[in-house]
1. Could you list all residues from the stretch 90-104 that are crowded, with 17+ Cβ neighbours inside 10 Å and either under 16 Å from ARG44 (Cα atoms) or among the charged types (D, E, K, R) (or both)?
2. Given the conditions (1) more than 22 Å from the chain's Cα centre (by Cα); (2) exposed (fewer than 10 other Cβ atoms within 10 Å of the Cβ), and given that ARG44 satisfies all but one, which numbered condition is not satisfied?
3. Go through the stretch 58-86 and count every residue that is touching a residue at least 24 places away in the same chain (Cβ under 8 Å) and either under 11 Å from TYR47 (Cβ atoms) or surrounded by fewer than 14 Cβ atoms within 10 Å (Cβ to Cβ) (or both).
Amino acid sequence: MESDLTMIDLLMAAFMSTIVVFIIGLLFYFHYKARKMVYTWAARNNYEVLKLRYRFIFKGPWTWWGVSNKRQKVFYASFLNDQRKIENAYVKCGHFWKGLTEDVVEVKWEEMRKEKIFK
């Protein structure tokens with residue numbers, strides 16, 4: 001029995017390839033948009049972004065179920081403030097229900113860790 005590719009098989013393969021490329025493109029677009037939201041927030045609040053790391057599993061204060069969802073992006077960021085001091089924070093981008101279609105940025109600052117003094 002011969003294996004002949006028909007026009008329908010080729011069209012189906014082209015359609016599926018287009019869907020896969022589209023989905024990958026959306027993932028890159030939403031990641032780029034979330035990063036842009038953080039940089040915009042920082043500029044509006046007189047901060048400079050030094051480091052921005054995407055958090056997939058450990059999301060800081062939004063780690064537990066029901067606090068953030070897959071439509072939102074969480075970053076761990078280092079900012080430089082007006083007094084030239086570095087501040088670290090977890091930044092959540094996107095609305096809980098609408099995801100990244102709505103420009104919402106929530107920042108939770110990391111408290112300064114107290115140094116232990118050994119005697």
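1. Correct list: VAL91, LYS92, CYS93.
2. (1)
3. So the count comes out to 8.
The numbers here are math on the coordinates, done by the rules we state, and not lab data. The model shown is predicted, which means the values in this text are computed figures rather than measured ones. Please note: Cβ atoms are built from the backbone with ideal geometry, for glycine as well, and neighbour counts cover all protein chains shown.
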